[in-house]
Ligand SMILES: Cc1cc2nc3c(=O)[nH]c(=O)nc-3n(C[C@H](O)[C@H](O)[C@H](O)COP(=O)(O)OP(=O)(O)OC[C@H]3O[C@@H](n4cnc5c(N)ncnc54)[C@H](O)[C@@H]3O)c2cc1C
């Protein structure tokens, strides 16, 4: 039996950030970070990695502001990290935008665009355009791997270890691995991404009411230039992101396929995915719609009120759930990690 003070289960961007936060704040604690795959092998591997200063409710906006400051500082301390600033334009129907303007943080500095010229996108009739900033995108798997790599002398990182059982005992939380080993941890942060309903914790996580939704983004074969802007299609909850370092544009739209499971979901596009995405894209960038024929597919965990879930499970303060970030797990990871560390360190 291996014993540690704190185990973080799941080495995606949220588990990785949480292990980093705990290690910084509890220098003498023994910590293990466990993943059944490799670091950032889950939803984080497919993330578009967009951070932009918007939040659907006050708590998400507060978390966004925290994460924004965190990433700014990280980037200034480690400029080599794969985090790339990008200017933003928001296209929205004027009425909707006035009603929902508060969703954008003041730091976005949104100002009406006198004229909007974009290589592809156009503002349809009855819409207006605002310019803003405070956005970046990241290579999420590379960033996660980098941050976890920096922890390896301090934290036991175990990849390829499937946690098949989780039991609350008087002496700690016992994690049973598929290797036959057990780890007893004083406290556990469960950051399983979309693996919400694994047998080992389904009865504990079920009452949170979180669900898993398919997430699709199309890749558009056209090399972005250095001045290309992120275009947020506010009314559609979609965006067009110039992934300069990858050499293509990414179009993210809202897919409504719910209650999928990460182990059985095909990670390739269907004809329906392409048709749905093109229908949205065609209204704003008709020339691009036909070029959108490849992409990335996975899923993410969503909470009932669209606020990430960071809370003890089954009333046990030793066992903290962190996740369900509603397709914004990269953007909100620093704030989620802070909240999880606050709880688990008591
Ligand atoms: C296509 C796509 C585009 C996206 N774009 C954006 C974006 O632009 N901006 C943004 O902010 N967010 C975006 N997201 C969402 C974001 O990627 C996720 O919210 C985030 O990656 C979730 O991180 P996580 O650490 O919770 O989950 P994951 O990265 O899935 O990590 C969970 C880990 O837990 C491990 N695990 C699960 N079960 C077990 C077990 N039994 N034993 C051991 N380990 C286990 C998994 O192997 C996995 O590595 C996107 C998601 C997708 C799919």
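The values are calculated or read from the model by the stated rules, or taken from the named source; none is laboratory data. Only a predicted model underlies this, so the values are computations on that prediction, with no experimental measurement involved. Here the Cβ positions follow ideal geometry from the backbone for every residue, glycine too, while neighbour counts run over all protein chains shown.
Picking from residues in the range 4-21 that are in contact with a strand residue (DSSP E or B) (Cβ under 8 Å, 6 or more places away or on another chain) and part of a loop (DSSP other than H, G, I, E, B), the one that is farthest from the ligand (Cβ to nearest atom) is 11.
If you go through the range 267-300, how many residues are over 30 Å from residue 116 (Cα atoms) and out of contact with any strand residue (DSSP E or B) (no Cβ under 7 Å at 6 or more places or on another chain)?
3
If you go through the range 115-142 and keep only what is at pLDDT 95 or above and assigned to a loop (DSSP other than H, G, I, E, B), you end up with just 139. With respect to the stated conditions, residue 150 fails to be assigned by TED's automatic domain parsing to the domain that holds residue 61 and within 13 Å of the ligand (Cβ to nearest atom). For the range 32-110, the helices (runs of 4 or more DSSP H) that sit wholly inside it and include 3 or more residues that are at pLDDT 95 or above are 43-46, 58-77.
Of the numbered criteria (1) outside the structural domain of residue 18 (by TED's automatic domain parsing); (2) assigned to a strand (DSSP E or B); (3) without any contact (Cβ under 8 Å) to a residue 60 or more places away in the chain, the one residue 224 fails is (2). Filtered by the rule that a residue be touching a helix residue (DSSP H, G or I) at 6+ places or on another chain (Cβ under 9 Å) and either exposed (fewer than 13 other Cβ atoms within 10 Å of the Cβ) or not in a strand (DSSP E or B) (or both), the range 153-171 gives 154, 155. When the range 172-210 is examined, which residues are found to be surrounded by fewer than 16 Cβ atoms within 10 Å (Cβ to Cβ) and closer than 27 Å to residue 307 by Cα? Of everything in the range 172-210, those that are surrounded by fewer than 16 Cβ atoms within 10 Å (Cβ to Cβ) and closer than 27 Å to residue 307 by Cα turn out to be 199, 202, 203, 206, 207, 209. Those helices (runs of 4 or more DSSP H) of the range 244-346 in which at least 3 residues are within 15 Å of the ligand (Cβ to nearest atom) and surrounded by fewer than 23 Cβ atoms within 10 Å (Cβ to Cβ), considering only elements entirely within it, cover 271-284. Within the range 290-301, one or more residues are within 16 Å of residue 238 (Cα to Cα), modelled with pLDDT under 95, over 17 Å from the mean Cα position of the chain (by Cα) and not assigned by TED's automatic domain parsing to the domain that holds residue 345. Of the listed requirements (1) touching a residue at least 60 places away in the same chain (Cβ under 8 Å); (2) closer than 30 Å to residue 159 by Cβ; (3) surrounded by fewer than 18 Cβ atoms within 10 Å (Cβ to Cβ), residue 124 misses just one: (2). Taking the range 180-217, which residues are under 30 Å from residue 285 (Cα atoms) and either within 10 Å of the ligand (Cβ to nearest atom) or assigned to a loop (DSSP other than H, G, I, E, B) (or both)? Correct list: 213, 214, 215, 216, 217.
Okay, residues lined up against (1) within 14 Å of the ligand (Cβ to nearest atom); (2) within 26 Å of residue 244 (Cα to Cα); (3) surrounded by fewer than 16 Cβ atoms within 10 Å (Cβ to Cβ); (4) in the same structural domain as residue 239 (by TED's automatic domain parsing):
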{"residue": "23", "(1), (2), (3), (4)": "no, no, no, no"}
{"residue": "33", "(1), (2), (3), (4)": "yes, no, no, no"}
{"residue": "52", "(1), (2), (3), (4)": "yes, yes, no, no"}
{"residue": "60", "(1), (2), (3), (4)": "yes, no, no, no"}
{"residue": "64", "(1), (2), (3), (4)": "yes, yes, no, no"}
{"residue": "70", "(1), (2), (3), (4)": "yes, yes, no, no"}
{"residue": "100", "(1), (2), (3), (4)": "no, no, yes, yes"}
{"residue": "103", "(1), (2), (3), (4)": "no, no, no, yes"}
